[in-house]
Amino acid sequence: MQRIAAVSIPLPRVATDVFLPYTGFVVILAMLFGGGAGYGWPDAVVELAALPLLAWALFKLTPSQLGRGGQWAIVLLCAMLAWPLLQLVPMPPSLWSALPGRSEIASAYEAAGMTLPWLPISLYPSATWLGLFGLLPATAIFLAMLSIERRSRRLVILLIFIIVFGSVLLDMLQVMGGDSSPLRFFSPSRHRAVGFFANANHNAAFLYSAIPFVTAWMIGLVRDHRRNRGIGLALLALLVVTIIIGVTVTESRTGMALLFVAGLSSLLLAWRHSRGQSGSRLLQFGIGANLVALLLAFQFGFVGLAQRFEYQGFDDMRWPVALVTSRAAIANLPFGSGFGSFSPVYEQFAPRTLLLDLNTYINHAHNDWLELWLTGGIPAIVLAVGFLAWLAASTVRLWNSGGPQTPVLDLALAQAASIVIVLLLLHSTIDFPLRIATVTVLFAIACAYLIPRREVDHSADLSTGIQKFGPENTVWSRDRYC
């Protein structure tokens, strides 16, 4: 019987990522339940769900999948997790009592006639443990994103698009229902749209972060000459309009400012890929979609935003809280007060008049950088500088070269991820989005996209299998994008 020659075709690898559905499940949990500002049961559910994913990712991830940039990212991640653990290590009295801010604790023990115990750097170890547990979802998702294939990464981005669209629909229902709406899962927020969050500002951060990814997907549709790309572009344009309306009804001043930055950055990304006739059409399409979306945003929400400026302006609690946080950070140098210990330490340094004037519970500094300085001290700042250096190097590499073997869609998504990271870091200067599980998971996904995954060439193995078993056992498939 005559044997028919077989041609090896790359097999799709999505099916081999058996843990991909669970990765998506953890992402969904983080997006729906991780929007609170505290450590309630929703956060605990997300953290527990992240544990199996973390174990799987550690088992599956191999150094051969990562380049030098990826290996440095893993080193940074390990250092970021190690420093809070070191803050929990008990020390002899002669060491901890010599640290700044600990003399009053030692004096209290001596006044009570008690022997000085061994204590850690952290002033509130239980809060530090909770802060460490809060890092589990983002850590697990980051490692999982490094482990899965390119097509699987795209599925995660599509999942985010679906959740973003659902979040904006929830925003509209909350606004129509008012403060008493049962769809507000956390405390009321004065008719502002909060979505799945407790804070409207964090809702805005989640929404505007999707803009660069949507633009990147448009680029992939156009540059790869996909069939039915007209329908895809129309759906993505509708999503852009929906996002801008959603950010507007949050009435977040910072959210609106960074939405404008996200739009300009997305146009820059489209211009970066505007080569040839299809690229020019893409740029024109992006500009038109943004203009239409801004007009609709004015119709839906700029009136409420203007009223916030009229009645409140820029006079809010952020600036006095920042001053108190700075004084507390200086008093606890060089090692900080311990991760997660902001609230009790802040109350020790804040004037009573300020606490009464604000008439609210200050759970975070409304400045992630200042809070990091207070709770982590100089080592945390060094780690932050190391992360910024890694981010700069990875971003320059992506925008200058990107790699000739990288598909256009994946390259555009990686470049969009660098924009998302910068937007969230800017937002962190006047708020605390990176203390929220939902946003940290999105941040982790963006960071993972900066690390190109080295795809394994299966063609040789496939050819070997054909020679061994014959063409009758060959699986035929086309290598398509998601």
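Residues that are among the hydrophobic types (A, V, I, L, M, F, W, C), modelled with pLDDT of 85 or more and in contact with a Pro (Cβ under 9 Å, 6 or more places away or on another chain): does segment 228-250 have at least one? The answer is no, given that none of the residues of segment 228-250 is among the hydrophobic types (A, V, I, L, M, F, W, C), modelled with pLDDT of 85 or more and in contact with a Pro (Cβ under 9 Å, 6 or more places away or on another chain). Flag not set for residue 257, criterion: open to solvent by less than 60 Å² (accessible area, probe 1.4 Å), within 25 Å of residue 367 (Cα to Cα) and in contact (Cβ under 8 Å) with a residue 12 or more places away in the chain.
One line per residue, one yes/no per condition, for (1) farther than 26 Å from residue 363 by Cβ; (2) of a type in the set (A, V, I, L, M, F, W, C); (3) in contact with a strand residue (DSSP E or B) (Cβ under 6 Å, 6 or more places away or on another chain):
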| residue | (1), (2), (3) |
| --- | --- |
| 154 | yes, no, no |
| 166 | yes, no, no |
| 169 | yes, yes, no |
| 179 | no, no, no |
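This table checks each residue for (1) among the β-branched types (Val, Ile, Thr); (2) open to solvent by 70 Å² or more (accessible area, probe 1.4 Å); (3) at pLDDT 90 or above.
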{"site": "354", "(1), (2), (3)": "no, no, no"}
{"site": "357", "(1), (2), (3)": "no, yes, no"}
{"site": "372", "(1), (2), (3)": "no, no, yes"}
{"site": "378", "(1), (2), (3)": "yes, yes, yes"}
{"site": "381", "(1), (2), (3)": "yes, no, yes"}
{"site": "386", "(1), (2), (3)": "no, no, yes"}
{"site": "392", "(1), (2), (3)": "no, no, yes"}
{"site": "401", "(1), (2), (3)": "no, yes, no"}
{"site": "414", "(1), (2), (3)": "no, no, yes"}
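Flag set for residue 270, criterion: in contact (Cβ under 8 Å) with a residue 12 or more places away in the chain, more than 28 Å from residue 435 (Cα to Cα) and assigned to a helix (DSSP H, G or I). The sole residue among 106, 73 that is outside any loop (DSSP other than H, G, I, E, B), out of contact with any Ser or Thr (no Cβ under 7 Å at 6 or more places or on another chain) and open to solvent by less than 80 Å² (accessible area, probe 1.4 Å) is 73.
Where helices (runs of 4 or more DSSP H) sit wholly within segment 130-233, those with at least 3 residues that are surrounded by fewer than 19 Cβ atoms within 10 Å (Cβ to Cβ) occupy 150-177. For segment 141-153, a residue qualifies if it is at pLDDT below 95 and within 13 Å of residue 27 (Cβ to Cβ), and the qualifying residues are 144, 145, 148, 152, 153.
Applying the criterion of being hydroxyl-bearing (Ser, Thr, Tyr) and part of a helix (DSSP H, G or I) to the residues of segment 109-129, the residue that is surrounded by the most Cβ atoms within 10 Å (Cβ to Cβ) is 128.
Every residue, every condition in (1) open to solvent by 60 Å² or more (accessible area, probe 1.4 Å); (2) at pLDDT 50 or above; (3) closer than 21 Å to residue 364 by Cα; (4) assigned to a loop (DSSP other than H, G, I, E, B), yes or no:
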residue	(1), (2), (3), (4)
4	yes, no, no, yes
8	no, no, no, yes
25	yes, yes, no, no
30	no, yes, yes, no
35	no, yes, yes, yes
39	yes, yes, yes, yes
48	yes, yes, no, no
51	yes, yes, no, no
56	no, yes, no, no
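Contact map, segment 51-65: first residue over 15 Å from residue 77 (Cα atoms), second residue of a type in the set (A, V, I, L, M, F, W, C), Cβ cut-off under 6 Å, separation 6 or more or different chains; pairs are 53/26; 53/140; 53/144; 56/19.
The values are calculated or read from the model by the stated rules, or taken from the named source; none is laboratory data. None of these values were measured; they are calculated from a predicted model. Quick reminder, even Gly has a Cβ in these numbers, built from the backbone with ideal geometry, and neighbours come from all protein chains shown. The accessibility values were calculated without ligands, DNA or RNA, using every heavy atom of the protein model including side chains. Shrake-Rupley method; radii C 1.70, N 1.55, O 1.52, S 1.80 Å.
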